[in-house]
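The values are calculated or read from the model by the stated rules, or taken from the named source; none is laboratory data. This is a predicted model, so every value here is computed, not measured. Glycine gets a Cβ as well: all are built from the backbone with ideal geometry, and neighbour counts include every protein chain shown. Keep in mind that these areas ignore ligands, DNA and RNA; they rest on the heavy atoms of the full protein, side chains included. Shrake-Rupley method; radii C 1.70, N 1.55, O 1.52, S 1.80 Å.
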Amino acid sequence: MKINFAMWRKALWTLVKIDSKAEWDELDVISKWLIATRSGVTTVTIYSCIIAGLLAWRYFSVNNMLFPWFPWLIVTLGLFIAHGTNNLLNDYTDFSRGIDSDNYFRTQYGAHPLVQEFWDKKTQLKWFYVSGTIAFASGLYALWYTQFNMSVLGLFAIGSLVLLFYTYPLKHLALGELAIFLIWGPIMIGGVYLVLTGQWDWLIALAGVPFGLTVVSINLGKHIDKLDDDKKKGVTTLPVATGEKAARYVNMAAVVIAYAVVVYLVFVPKFYTPILLLIFFAIKRAILVVAVLTKPRPPEPPKEWQFWPTWFSGFAFYHNRMYGGLLILGILLDTLVRIVAPAIINQYWAPI
């Protein structure tokens, strides 16, 4: 079977819709995994790990220590696979409970191997077990590397519980969105930093809040988009519990606070230099997201909109990609400045 590198790139950047089993069967194993696990979205895990890695690199550089590249790569790969494993379990659970049926929201914009009968439940579970084993091995490595640090063990346990219980019952108790924010924000960024440096730092956890907010903005936007479908299926997401209008305002607040926290970190504890204000180059997309969220979801898509039935989530994803990229660039430049010109930083900006 020919390896389709072009499909790898596509699947890592966007959600791929496959309409026929024949087309699916032609794909290589990696392409199938990337599509089935919705890797176009799970790349947010890689963003979180890069942010944590850069913050750890800053710590090691300032203290004249070598950065542990291999542990970072293993943990990043493991968390990315764990996120994909979570999505495989989510789809299995929703399919088994009859939620992913009747042209449900998900199957209208992306591939769902179970619903589209590309494979059966037994095969889905096999993929879940293989992915889960790899992710679990990465977690064990992190524990071994940190000499079984109890804080790392605790974070490992939290991540495992969210993986197992996100689809049910957390998402049915309007707690799924909170879990997404915590995991892909302060917990993952703070946790990867902890694994690499051996230290839990609350400022690092706070530094994880902005990106976590832009991730949950996507998730919340998707749940608003499929509010009616979820209500019919008895899935009590936050938008179902609070209503569309309140959920839209929560999402607007998430976008705004993502900028406010970075500004706070720059000017109050001076954790970042003003270089991090680079994120404001994404403000045009943020304004677009907020503007769209001020109005209810349209009943029909505009002619030029290609991503229906996603609406709010599409705009949030568009913002997240640029915001996350600029945040990573800002932290990278911030670290380089601290390495190249530490005297200037110490004189004009508070040292770490």
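Values computed for the structure shown
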read-out	value
Segment 1-22 - residue that is under 17 Å from residue 43 (Cα atoms) and charged (D, E, K, R) and, of those, least open to solvent (accessible area, probe 1.4 Å)	10
Positions within segment 226-239 being assigned to a helix (DSSP H, G or I) and surrounded by 24 or more Cβ atoms within 10 Å (Cβ to Cβ), in sequence order	238, 239
Criterion (without any contact (Cβ under 8 Å) to a residue 12 or more places away in the chain, among the small types (Gly, Ala, Ser) and open to solvent by less than 30 Å² (accessible area, probe 1.4 Å)) met by exactly one of 139, 243, 212	243
Per-region count, segment 164-190, residues part of a helix (DSSP H, G or I) and of a type in the set (Ser, Thr, Tyr)	0
Residue ID - most open to solvent (accessible area, probe 1.4 Å), chosen from residues in segment 262-318 that are aromatic (Phe, Trp, Tyr) and assigned to a loop (DSSP other than H, G, I, E, B)	307
Meets criteria (among the charged types (D, E, K, R) and under 20 Å from the mean Cα position of the chain (by Cα)) for residue 297	no
Count of residues meeting criterion [surrounded by fewer than 17 Cβ atoms within 10 Å (Cβ to Cβ) and either in contact with a Pro (Cβ under 9 Å, 6 or more places away or on another chain) or in contact (Cβ under 8 Å) with a residue 12 or more places away in the chain (or both)] in segment 333-348	4
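Residues are listed down the side, and each one gets a yes or a no for (1) within 15 Å of residue 176 (Cβ to Cβ); (2) in contact with a helix residue (DSSP H, G or I) (Cβ under 6 Å, 6 or more places away or on another chain); (3) of a type in the set (Lys, Arg); (4) at pLDDT below 95:
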{"site": "224", "(1), (2), (3), (4)": "yes, yes, no, no"}
{"site": "232", "(1), (2), (3), (4)": "no, no, yes, yes"}
{"site": "260", "(1), (2), (3), (4)": "no, no, no, no"}
{"site": "277", "(1), (2), (3), (4)": "no, no, no, no"}
{"site": "280", "(1), (2), (3), (4)": "no, no, no, no"}
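Residue by residue, here is whether (1) farther than 22 Å from residue 230 by Cα; (2) outside any loop (DSSP other than H, G, I, E, B); (3) modelled with pLDDT under 90 holds:
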position: 18; (1), (2), (3): yes, no, yes
position: 45; (1), (2), (3): yes, yes, no
position: 50; (1), (2), (3): yes, yes, no
position: 56; (1), (2), (3): yes, yes, no
position: 59; (1), (2), (3): yes, yes, no
position: 70; (1), (2), (3): yes, yes, no
position: 88; (1), (2), (3): no, yes, no
position: 115; (1), (2), (3): no, no, yes
